[in-house]
Amino acid sequence: MQYPYSERMSRIRSSVIRELLKITEQPEVISMAGGLPADELFPVEEIKRAADAVLSGDNAPASLQYGPTEGYLPLRQQITLIMNDKGVACSPGEVQISSGSQQALDLLARVFLDRGDVVLVENPTYLGAIQAFELFQPKFVAVATDEEGMLPEALEQAIIINRPKIIYLVPTFQNPTGRTMSLERRKRVAGIIERQQVLVIEDDPYSDLRFEGEDLPLLKSLVPDWVVYLGTFSKTAVPGFRLGWIVADEELIGKLSICKQGADLHTNTLVQHVLSRYLNDADIPGHIKKIRNEYGRRRNAMVEALEREFPSGVTWSRPQGGMFLWVQLPAGLDTESLMSKALLEKIAFVPGHSFFVNGGGQNTMRLNFSNSSPDLIEEGIRRLARLVNIQQGKDSSPRNRMESIIKG
Ligand SMILES: Cc1ncc(COP(=O)(O)O)c(C=O)c1O
């Protein structure tokens, strides 16, 4: 069948990650590829109780009925309290519920982007954002970054030269690098945003998953008028509910809401009622603390295994939260070809190349530490190190063994 596809379909690509996930669903594969939370930590009992309470209460029919496009009002009220705790004052009218923050990215792209509009992004950046924006044919401009995020001078220059429609940022425990914008950098970036008056999307799925260091202020709290904030319950509750939110002024919420009507009328009503009840009844801080502690343990297991097993010349980030760690192999090594060998060894990671909008990053990879136990992480890194050593044309001696041979 020759389908009459639209012209835009010729430009969009499938997510490498979602394709990879199909392979890594096989139970024997140790997957450090997906961005999956640890499902053994899902609050199954609490969700069950919340669902029971919703479906046995007087409001049961309403929880199964069509609802307002902006979202279930009590849940939007609860989100204003969450935002207040994060230093952002907002009213329920400034909150739009979305079907995950992924849908928020799509809605924002619909509202703002015409063909050729410039979007400034970190380099590398979140693949799902590239996918959501790409449909609207913008021009991506990648801004140079260091360990603390976008370089202020490079950002301001890029704004002056390109006059972007939007800047897309994941300031905390970024996907894919795990990188966090420092306090000093946040203040400088906030100053630039205010001076240059450019709209910023602050995508923030990971800041609640901090297991080390101090919380940092949201960009939204530093320059509220110029920042649209995206939050999600995917990482702190359950991703399967597909529940996220957007904080913006009422005018923009109105536009987003019109686009959402065309997409899905509203986010699943029952899920909103259940999550609202769950937030009300369960020990949320206790649950998030449990996730943080476990992810901290898993990050440690991964970093220690990398130190033990990987050859010199390989570097990696040491994130203080979130779910990802970024590895850079010596120049000349190619993580896409490494990946095909890794799958034969029943391990998986995401080659870094796909996170760069203008190419590059062939020697980089993203490793997820949230979705495997410390034992599996150790075994996964051991197998991966063996492959890296082979690809590097060396013997399989990891650094510490090499060092002990030299010293001994
Ligand atoms: C930076 C970033 N934004 C958005 C999303 C989408 O999350 P959600 O499940 O809320 O749609 C993810 C998911 O991994 C992400 O890493």
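The values are calculated or read from the model by the stated rules, or taken from the named source; none is laboratory data. Remember, it's a predicted structure, so these values are computed and weren't measured experimentally. Heads up, the Cβs are rebuilt from the backbone with ideal geometry, glycines too, and the neighbour counts pull from every protein chain shown.
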Item to complete: Output the residue which, of all residues in segment 91-117 that are within 20 Å of D225 (Cα to Cα) and not in a helix (DSSP H, G or I), is nearest to the ligand (Cβ to nearest atom).
Response: I97
Response to the item:
(1) of a type in the set (A, V, I, L, M, F, W, C); (2) over 17 Å from N358 (Cα atoms); (3) crowded, with 23+ Cβ neighbours inside 10 Å all hold for I159 apart from (3)
Worksheet item: Taking segment 230-253 only, how many residues are within 12 Å of the ligand (Cβ to nearest atom) and not in a loop (DSSP other than H, G, I, E, B)?
Response: 9
Discussion item. Would you confirm whether or not segment 180-193 contains a residue that is touching a helix residue (DSSP H, G or I) at 6+ places or on another chain (Cβ under 6 Å), farther than 14 Å from K86 by Cα and of a type in the set (S, T, N, Q)?
Written reply: no
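Let's see how each residue does on (1) more than 18 Å from the chain's Cα centre (by Cα); (2) in the same structural domain as V247 (by TED's automatic domain parsing); (3) not in a helix (DSSP H, G or I):
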{"position": "Q157", "(1), (2), (3)": "yes, yes, no"}
{"position": "T177", "(1), (2), (3)": "no, yes, yes"}
{"position": "M181", "(1), (2), (3)": "no, yes, yes"}
{"position": "P205", "(1), (2), (3)": "no, yes, yes"}
{"position": "G213", "(1), (2), (3)": "yes, yes, yes"}
Fill in: segment 74-90 - residue that is outside any helix (DSSP H, G or I) and aliphatic (A, V, I, L, M) and, of those, nearest to the ligand (Cβ to nearest atom)
V88
Worksheet item: If you take just the helices (runs of 4 or more DSSP H) that sit entirely in segment 254-350, which of them hold at least 2 residues that are in contact with a strand residue (DSSP E or B) (Cβ under 8 Å, 6 or more places away or on another chain)?
Response: 284-309, 335-344
Item to complete: For N280, state whether it is within 16 Å of the ligand (Cβ to nearest atom) and either more than 27 Å from F369 (Cβ to Cβ) or of a type in the set (D, E, K, R) (or both).
Response: no
Discussion item. Please count how many residues of segment 261-277 are more than 14 Å from the ligand (Cβ to nearest atom) and farther than 17 Å from L64 by Cα.
Written reply: 2
